[in-house]
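Chemist: Pasting in a structure now, in structure tokens, and then I'll have a few things to ask.
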Amino acid sequence: MSKLGQAKRIIFLKTADGQLFEVDEPVAMEFEIVKSFFDENEDAADDTVVPLPNVSAEPLAGIIEFCKAHVEFRANGAAGKDEVKKFNAEYIKEKSNEQLKELILAANYLNIKEMLDFLTETIANRLKNKSVEYVRAFFGIENDFTPQEEEAVRKEYEWAFEGVDED
Amino acid sequence: MSAMRPRKKLESSMVKETIISDLPEHIIHNVLSLLSTKDAARTTVLSKRFRLAWTSFPIIDLDFTEFRNNIAIDQFLDFVRDSLQRRAPNICVEKFRLLVVLRSMEADNRIDGAISYAIEHKVKELDLHLLHTNNFNDLYYKLPSVLFSVDSVKVLKLKGFNLETLDLEKFPLIEELSLISCAGLNNLRVSNGQLKILEVKSCGGLLQIDISKSNLRSFSFTGKHSGGGEYENCQINPADCHSLTNLAIRGAPKITSEWFDNYVSKLTLLENLILSECKRLKKIYIPNPEVKVVEIKRCAVLGKIEIVAQNVQSFVYFGQSRPCQIKITACRLLRNLQLYGANVEARWIEERLSQLPLLESLRLCYCDMLRTLEVSHEQLKSFQLINCSILEKAVIYAPNLIYFRYEGKVLKSPLSVDSPHLEAELTVDSGRYITSSDEWYNKLRNFLGYFDHCKLLILNCIPRRNLYPTFLIFPEDLRDTLLPPLFDVKHLKVKIEAQLKDIISLVDGLLWLSPLLETMSIIDSGSGGGESSLKFQYAKSSVMEEMDLTCCHSRIIKCWRHHLKKVSMENFSESDRMRLMDYFGRKAMRLETIET
């Protein structure tokens, strides 16, 4: 096995839309699903391709970018420091809600706890102190209540609708 | 997030169908767990999917203080009852927290019902916090009978209950127990192998705590005040606590040196030890090999502390200026040392420092035997010297020091701090001087001069010490005869507590102190703690023209007016901004730009 040599081991991942990704081992091992694949198939050959039938190429590329940076942060002892926050903020800044959702679904499937925590926190921050109308429009949530139903639900939580940000 | 971005998305996402609604439920639950109850409750109106996610959300957090501004207690309790009725059936509750402020501690079926709901739904973490509207009233809520015995609970936190009927044996899975401001329990017996964390605080009438056969890792006890700074007597018998790593005991008059030797010295895994207000404790001997943090505070008759443990990294002592012998020679790994009201001499401190190569942070407060202090330390990063009443002189050589804080009298002899990267914070006391006298300003000038080499100097003006910002503003006539004390300081910060009336005279005064300042920040906590700042740029050329001759001709160092080229202002109020613009416009001779 290449563990003996100095060469870095590369893991091959294949997405639902048929793209092949070559990922450094420490980054791929951030994905719980990949890690357990190799734990279960200990004698897997070095060039084994791990199929990821629930993830397409675009979110996977984004996830690799995120995990690669975080593996490096940990190696440099920078975990939890300002530069990590800065990276995270930059990373998420240009992502649309659609991309964010795709990233969450992919991170959920690949089972990457750190990234999933970060993404859910991002969604939570986008909801804080915002009115219902704003959140619906911002996240494209379809209101499937009838006006009467909505009125009834609003009444149950009347106190929760005061003092939110102006749209 | 900028205000503009979401708006752009608003339009583009209108056409799309649901975006986050089709996330798996556990992810929506994760999102909800990061929101306040109010924010989370509002999501129920978004769509049916969200309403369903909310009613099956396994964390129930009902905190009256979040509702306080909107509804009365009674309405809140109705809401508690109704919202539990609306929940999806057969969903286990992970966490249930209820905080209510009550006018009467009479049993209320909405509270009892809520507790029953949590228990019926196999709650794992139960946090019940019942406060009486009158804090000082010793009134407690009777423990509802459903709480006599609970199979599912791992974490139980009770505040404001009458615990007469509590029996820990009936909580087979309990790992963490916290009892705060409860009553009715005379004897707390812990013999439950699962329990890892125990906190008992301000529980009146508690006479005895017996801990045996336990795997307790953390035990924190705070006695109940019985008036006049005294605490109720409570006997603590931690007979068998070999796995204890954290121990904190505050306000326990029964604790004696013998008790300490019997129980605490034998805890081989102990890492953190806090003892506070144990008024019968005479001496403490700490041999515990793993102990890293030791805090000993306000133990009135304590005469000797000896730490022979070698792994201690932080030691905090809070004395009351009574003689107490402190032996910490064995603690060679110490990084943090804080002494308050310690009866130690300068020589003792100097010797300790020479034996503590790793020390990074040192704080000496109210150490009233220190007269002249000479500190030399290679690693020290932070040093605070606060209100040591007879201190006359301090010479500090610490090349790695980045923060120095001094509070106290303006010293006559040097307070010299030798370090190239220093940020210094000063709060000075005028002592017997009248702050408007020439004598005071002469002293202050010399004293400030000791800090001329600082990278950043912070000056505190505290009205309760009669230190209004005016104490920094040197009178005009003295400005002609004295040299500016802070000629080399580039960054100055002034903290004031009272709302500033005259910004111009403060800025003018500070610019005399420090005529080549690059940044000046004023933090005014009297007007909400905002920080306003000025940035300065200077012209290099110093060809004196006629206009220069009319100003400060008798001074050796020319004032700031001759060189200032550019000023930028940030965060000033509209009126201050106008006044500053006018002031710089009139005063600065070579001003090219004012940015606001």
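Chemist: For every helix of n ≥ 4 consecutive DSSP H residues, a contribution of -39,500 (n - 2.57) applies; sum these over the protein assembly as shown, divide by its total residues, and give [θ] at 222 nm rounded to the nearest 500 deg cm²/dmol.
Modeler: Numbers: 22 runs with 217 residues, N = 763.
Theoretical 222 nm ellipticity from helices: -8500 deg cm²/dmol.
Chemist: Test of understanding: ordering A:Val84, A:Val34 by Cβ neighbours within 10 Å, fewest first, what list do you get? Don't jump to the answer; show the numbers that get you there.
Modeler: On the way: A:Val84 16, A:Val34 21.
Listed from fewest to most nearby Cβ atoms, that is A:Val84, A:Val34.
Chemist: Let me ask you something else. Apply the Debye scattering formula to chain B, with a single equal point scatterer on each alpha-carbon and no solvent, then give log10 I(q)/I(0) at q = 0.06, 0.07, 0.10 Å⁻¹.
Modeler: So the normalised log intensities are -0.51, -0.68, -1.09.
Chemist: Along each principal axis of its Cα atoms, how long is segment B:340-433 end to end? Whole angstroms, biggest number first, please.
Modeler: 39, 28, 20
Chemist: Mind listing the phi-derived Karplus ³J(HN,Hα) values for segment A:92-109, rounded to whole Hz, using 6.51, -1.76 and 1.60 with θ = phi - 60°, and x for any glycine or proline?
Modeler: 8, 4, 8, 8, 6, 4, 5, 5, 4, 4, 4, 5, 5, 4, 5, 5, 5, 5
Chemist: Jot down the radius of gyration and Dmax of segment A:118-157, Cα atoms only, both in angstrom.
Modeler: Reported Rg and Dmax, both Å: 12.1, 37.
Chemist: Further, regarding this structure: Return the equivalent ellipsoid semi-axes of chain A as a descending list in whole Å, where each equals the square root of 5 times an eigenvalue of the C-alpha gyration tensor.
Modeler: Details: eigenvalues 316, 73, 31 Å².
Semi-axes, largest first: 40, 19, 12 Å.
Chemist: Would you grab the residues whose amide H sits under 5 Å from the one on B:Lys142? Only those 5+ places off in sequence or on another chain, please, with H modelled 1.01 Å from N.
Modeler: B:Asn162
Chemist: Treating cross-link reach as a plain straight distance, find the aspartates and glutamates whose alpha-carbon is under 19 Å from the alpha-carbon of B:Lys213, omitting any fewer than eight places away in the same chain.
Modeler: Hits, sequence-local ones excluded: B:Asp167, B:Glu169, B:Glu175, B:Glu176, B:Glu199, B:Asp240.
Chemist: Separate question: Relative contact order (percent) for chain B, with alpha-carbon contacts under 8 angstrom and 6 or more residues of separation?
Modeler: Working: 1329 pairs, mean separation 24.9, N = 596.
That works out to 4 percent.
Chemist: Averaged over A:130-136, how many beta carbons belonging to a partner chain fall within 10 Å of each residue's beta carbon? Display every interim value, and only then the final one.
Modeler: Working: counts 3, 2, 7, 2, 2, 7, 7.
Counting Cβ atoms of other protein chains within 10 Å of each residue's Cβ and averaging gives 4.
Chemist: Cross-link candidates for B:Lys535: which lysines have Cα within less than 18 Å, leaving aside residues fewer than 8 places away along the same chain?
Modeler: B:Lys455, B:Lys490, B:Lys493, B:Lys495, B:Lys565, B:Lys566, B:Lys587
Chemist: Something else: Under 8 Å for C-alpha pairs, at least 6 residues apart: give me the relative contact order for segment B:58-185, rounded to a whole percent.
Modeler: Working: 232 pairs, mean separation 27.0, N = 128.
Value for segment B:58-185: 21 percent.
Chemist: Find the all-direction average of the projected area of the Cα convex hull for segment B:471-578, expressing the result in square nanometres with one decimal place.
Modeler: Details: hull surface 28.7 nm².
The Cα convex hull of segment B:471-578, projected and averaged over all directions, gives 7.2 nm².
Chemist: Arrange B:Cys203, B:Cys278 by Cβ neighbour counts within 10 Å, fewest through most, would you? Could you put the intermediate results ahead of the total?
Modeler: Details: B:Cys203 24, B:Cys278 28.
By the 10 Å Cβ count, ascending: B:Cys203, B:Cys278.
Chemist: While we're here: Starting from the amide H of B:Lys495, placed 1.01 Å from N in the peptide plane, find each other amide H under 5 Å away whose residue is 5 or more places distant or on another chain.
Modeler: So B:Lys495 has HN proximity to B:Leu459, B:Asn460, B:Cys461, B:Ile523.
Chemist: Sorted from largest down, what three extents in whole angstroms do the Cα atoms of segment B:31-79 have along their principal axes?
Modeler: The Cα atoms of segment B:31-79 stretch 30, 19, 16 Å along their principal axes.
Chemist: Apply the Kirkwood formula to segment A:63-155: the hydrodynamic radius equals the inverse of the mean of 1/r over all pairs of different alpha-carbon atoms; give it in Å with one decimal. Provide the component values of the computation, followed by the final result.
Modeler: Numbers: mean 1/r = 0.0653 Å⁻¹.
Answer for segment A:63-155: a Kirkwood hydrodynamic radius of 15.3 Å.
Chemist: Could you work out the relative contact order of chain A, using alpha carbon pairs under 8 angstrom and six or more residues apart, expressed as a whole percent? Working shown, then result.
Modeler: On the way: 140 pairs, mean separation 31.9, N = 167.
In percent, rounded to a whole number, it is 19.
Chemist: Here is a further query. Would you work out if segment B:191-334 is rounded, prolate or oblate? Take a ≥ b ≥ c from the square roots of the eigenvalues of the alpha-carbon gyration tensor; rounded if a/c is under 1.5, else prolate when a/b is larger than b/c, oblate otherwise. Don't jump to the answer; show the numbers that get you there.
Modeler: Working: a/c = 2.00, a/b = 1.11, b/c = 1.80.
Here segment B:191-334 falls in the oblate category.
Chemist: OK, next. Loop only by DSSP, 14 or fewer other Cβ within 10 Å of the Cβ. Give me the GluC sites (Glu not before Pro) in segment B:475-531 that pass, ordered by residue number.
Modeler: Working: sites: B:Glu476, B:Glu497, B:Glu518, B:Glu531; in loops: B:Glu497, B:Glu518.
Answer in residue order: B:Glu518.
Chemist: Then there's this: Can you give me the long-range amide H partners of B:His132? Hydrogens built in the peptide plane at 1.01 Å from N, cutoff under 5 Å, separation of 5 or more residues or another chain.
Modeler: Amide H neighbours of B:His132, under 5 Å, 5+ apart: B:Leu102.
Chemist: Give me Rg/Rg_expected for segment B:58-185, where Rg uses Cα atoms only and Rg_expected = 2.2 N^0.38 Å with N residues.
Modeler: Values: Rg = 14.0 Å, N = 128, 2.2 N^0.38 = 13.9 Å.
Rg over 2.2 N^0.38 Å, computed on Cα atoms: 1.00.
Chemist: Related question: Going by how many other beta carbons lie within 10 Å of each one, how would you line up A:Asp24, B:Asp524, fewest first? Walk me through the numbers before you get to the answer.
Modeler: Working: A:Asp24 15, B:Asp524 21.
By the 10 Å Cβ count, ascending: A:Asp24, B:Asp524.
Chemist: Based on the alpha carbon coordinates of the protein assembly as shown, what radius of gyration and maximum Cα-Cα distance (Dmax) apply, in Å?
Modeler: Answer for the protein assembly as shown, Rg first and Dmax second: 32.4, 93 Å.
Each reported figure results from applying straightforward, stated rules to the coordinates on display, with no laboratory input. Here the structure is a predicted model, which means the values were calculated and not measured. Every residue, glycine among them, receives a Cβ derived from its backbone with ideal geometry; neighbour counts consider all protein chains shown.
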